[in-house]
Amino acid sequence: MTTVIDGNGIADGIRADVSDCVETLADEGVVPGLATVLMSDDGASETYVSMKQQACEEVGIRGFHHEIDPDAPAETLFEKLDELNDDPDVHGILVQMPVPDHVTKRTVLERIDPEKDVDGFHPENVGRLVAGNARYKPCTPHGVQKILAAAGVDTEGKDAVVVGRSDIVGKPMANLLVQYGEGGNATTTVCHSRTEDLAAKTRAADIVVAAAGVPEMIDGEMLSEGVTVVDVGINRVDADTEKGYELVGDVDFESAREKAEVITPVPGGVGPLTIAMLMYNTVKAASLQSGVAVDL
Ligand code: NDP
């Protein structure tokens, strides 16, 4: 019997916990604040930012939104970040990627105060994660950990394969799986576009986390019986729908579910967790910065 994960249900539970923490902070006069900064005309980026702001409103986090003209010099963005770094009402700062080509992404990430870096992408926070002392776990891999825990998948001693080595998903995911402690202690292999015989790697895995951005590239033939499959991929493919497209993951769901004991769907699997974990990190940031303890 295959368990198909209900990511929305798990995210609801996390949002409820976050709301409780918001109340605890409010009792001490602290209102968590998240600032989003958009320097792009891209429709998808605008949608992501507005989803994040709406999620803030739902859990009682104060949202601040700033838009920078994509043609403005990089310094305009940096000045805004300095202002937000100094603003005591702002506990978390998120710059929606991508930024325009004339702005160096790495410089943006380094300009955010690491204590307010709720994405967890500042080099200091990356270093802390690798050292096993994470301040803010990056939202998507943290969400995957929450899914595994909710599904009762014990990672300890398991062979985990992460397909993808990006800074936002693949690498932090592998780092979390290999850490000491709960949700870690897995023997972890990271695969990427230069990996030879990917199918041999995934077939040998107890847990496969797919984050390659290639529609349905992992099918049932590449998996062994009883595997746990977490599909991070979100890919638009042409389809005969009203919008002219549909969203699919990196996993061919129908053939993979024949083999899997636990599997996440797309949509409705990992996606809802990503924003929930951003709310979680923002509340954690408010707690760390105010010194008011919360039960997260
Ligand atoms: P990137 O494009 O930054 O990274 C993709 C990774 O997959 C790279 O490391 C690449 O290898 C590897 N890869 C590409 N093709 C293959 C292949 N054929 N075989 C093995 N490895 C391959 O993507 P992201 O990490 O940002 O995102 C991955 C997917 O997850 C996307 O579909 C994205 O939309 C989705 N996503 C979903 C989120 C959610 O909330 N659910 C959040 C973030 C992303 P190499 O390094 O060699 O190029």
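Throughout, read-outs are computed from the coordinates displayed, never taken from laboratory work. If you're wondering where the values come from, they're calculated on a predicted model, not measured in any experiment. Reconstructed Cβ throughout: ideal geometry from the backbone, glycine too, with neighbour counts over all protein chains shown.
Structure summary
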{"read-out": "Descending semi-axes in whole angstrom, ellipsoid equivalent of the chain, from the Cα gyration tensor", "value": "32, 22, 19"}
{"read-out": "The chain: relative contact order as a whole-number percent, Cα under 8 Å and 6+ apart", "value": "22 percent"}
{"read-out": "Taking only Cα atoms of segment 215-296, radius of gyration then Dmax in Å", "value": "17.6, 53"}
{"read-out": "Charge tally in the Cβ shell below 15 Å around G271, where Lys, Arg are +1 and Asp, Glu are -1, G271 excluded", "value": "-1"}
{"read-out": "Mean residue ellipticity (222 nm) of the chain, computed from DSSP H runs ≥ 4 via -39,500 (n - 2.57), nearest 500", "value": "-12500 deg cm²/dmol"}
{"read-out": "For the chain, built as a Gaussian network whose Cα springs stay under 10 Å, the top-fluctuating residue of D117, D86, D240", "value": "D240"}
{"read-out": "Cα-based helix-to-principal-axis angle, 271-290 vs the chain, degrees rounded to 10", "value": "40 degrees"}
{"read-out": "Long-range amide H partners of T3 with built H, under 5 Å", "value": "V262, I263"}
{"read-out": "Packing-based exposure ordering (other Cβ within 10 Å, fewest first) of T241, T2", "value": "T241, T2"}
{"read-out": "Relative contact order for segment 139-272, counting Cα pairs under 8 Å that sit 6 or more residues apart, in percent", "value": "22 percent"}
{"read-out": "Residue-by-residue Karplus 3J(HN,Hα) for segment 166-177, coefficients 6.51, -1.76, 1.60, Hz, glycine and proline x", "value": "6, 5, 9, 10, x, 5, x, 4, 4, 5, 5, 5"}
{"read-out": "Angle between the chain longest axis and helix 74-86 axis [Cα atoms, degrees, rounded to 10]", "value": "80 degrees"}
{"read-out": "Calculated SAXS-style log₁₀ I(q)/I(0) at q = 0.17, 0.21 Å⁻¹ - segment 139-272, Debye, Cα scatterers", "value": "-0.82, -1.26"}
{"read-out": "Local electrostatic count, V118, Cβ distance below 12 Å [Lys/Arg +1, Asp/Glu -1]", "value": "+1"}
{"read-out": "Candidates per GluC sites (Glu not before Pro) in segment 184-223, loop by DSSP, up to 14 other Cβ within 10 Å", "value": "E196"}
{"read-out": "Enclosed volume per residue, in Å³, of the convex hull spanned by Cα atoms of segment 29-116", "value": "79 Å³"}
{"read-out": "Note, ³J(HN,Hα) from phi for segment 263-268, Karplus 6.51, -1.76, 1.60, rounded to Hz, x at Gly and Pro", "value": "8, 9, x, 9, x, x"}
